[in-house]
Amino acid sequence: AKSAGRNTLRFFDPPMQLAMDYRSALEAELRQAFQHQQFHLYYQPQMDGARRMIGVEALLRWEHPERGMVSPDDFIPLAEESGLILPIGQWVMETACTQLKSWEKESRTQNLTIAVNVSARQFRQADFVARVKQTLETSRANPARLKLELTESLVLENIKDTIEKIRAIK
């Protein structure tokens, strides 16, 4: 109340405090999760009109040693707000590209694509295109097999920048 200025009232709300404590603990555990390799990618099949699998979507999952599987609805927004989405997003991109390269060796998986969701914060990095290019070069994955998925709101946010990055990546 003091920092908000004069003549201001603030009330303590126990449920709000519990929510803040949970959020704070989850953020600390999220930092450890990245360091202790508790993240995993699961691959959800993508089918064509003839019901043939043509690719997969990479889904990030957090397997907490005590909480079990933590819902992406709980940790993705927190990762966005805390900035942890940048190293996590890079890990997802690297892991997906490594998987693509591995699948090239198998006849039944060599033509599959992997779709990776890109966060707005990740996409807005000045060196995003260079990071994607470097990841593809390092993994030696076929760039045509990697799909980057962007939200509509991200695309509309700064249209000129978005178009430039998409053209560069293409």
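The values are calculated or read from the model by the stated rules, or taken from the named source; none is laboratory data. What you see is a predicted model; the values in this text were computed from it and never measured. Reconstructed Cβ throughout: ideal geometry from the backbone, glycine too, with neighbour counts over all protein chains shown. Ligands, DNA and RNA are stripped out before the accessible areas are found, and what is left, the full protein with its side chains, is counted by its heavy atoms. Shrake-Rupley method; radii C 1.70, N 1.55, O 1.52, S 1.80 Å.
Please indicate, with yes or no, whether at least one residue in region 54-67 is of a type in the set (G, A, S) and surrounded by fewer than 16 Cβ atoms within 10 Å (Cβ to Cβ).
no
Given the conditions (1) over 27 Å from H36 (Cβ atoms); (2) touching a helix residue (DSSP H, G or I) at 6+ places or on another chain (Cβ under 8 Å); (3) open to solvent by less than 70 Å² (accessible area, probe 1.4 Å), report the number of the one that A79 does not fulfil.
Tallying (1) over 27 Å from H36 (Cβ atoms); (2) touching a helix residue (DSSP H, G or I) at 6+ places or on another chain (Cβ under 8 Å); (3) open to solvent by less than 70 Å² (accessible area, probe 1.4 Å), A79 fails exactly one: (1).
Test G5 against the criterion of being small (G, A, S), open to solvent by less than 40 Å² (accessible area, probe 1.4 Å), out of contact with any Lys or Arg (no Cβ under 6 Å at 6 or more places or on another chain) and under 21 Å from K147 (Cβ atoms), and give yes or no.
For G5, the condition - small (G, A, S), open to solvent by less than 40 Å² (accessible area, probe 1.4 Å), out of contact with any Lys or Arg (no Cβ under 6 Å at 6 or more places or on another chain) and under 21 Å from K147 (Cβ atoms) - is not met.
Could you please give the count of residues in region 31-53 that are part of a strand (DSSP E or B) and open to solvent by 40 Å² or more (accessible area, probe 1.4 Å)?
8
Within region 118-150, take every residue that is open to solvent by 80 Å² or more (accessible area, probe 1.4 Å) and touching a residue at least 40 places away in the same chain (Cβ under 8 Å) and give me the one that is farthest from the chain's Cα centre (by Cα).
T138
Picking from T151, T113, T138, which residue would you name as being in contact with a helix residue (DSSP H, G or I) (Cβ under 6 Å, 6 or more places away or on another chain) and β-branched (V, I, T)?
Working: T151 fails: in contact with a helix residue (DSSP H, G or I) (Cβ under 6 Å, 6 or more places away or on another chain); T138 fails: in contact with a helix residue (DSSP H, G or I) (Cβ under 6 Å, 6 or more places away or on another chain).
After ruling out the rest, the residue left standing is T113.
Only one of R51, R61 is charged (D, E, K, R) and in contact with a Phe, Trp or Tyr (Cβ under 9 Å, 6 or more places away or on another chain); which?
Testing whether each residue is charged (D, E, K, R) and in contact with a Phe, Trp or Tyr (Cβ under 9 Å, 6 or more places away or on another chain) leaves just R61.
Only residues in region 64-88 that are closer than 13 Å to N117 by Cβ count as the first member; pair them with residues that are assigned to a helix (DSSP H, G or I) and among the polar types (S, T, N, Q), Cβ under 8 angstrom, at least 6 apart or cross-chain, and list the lot.
I85/Q122
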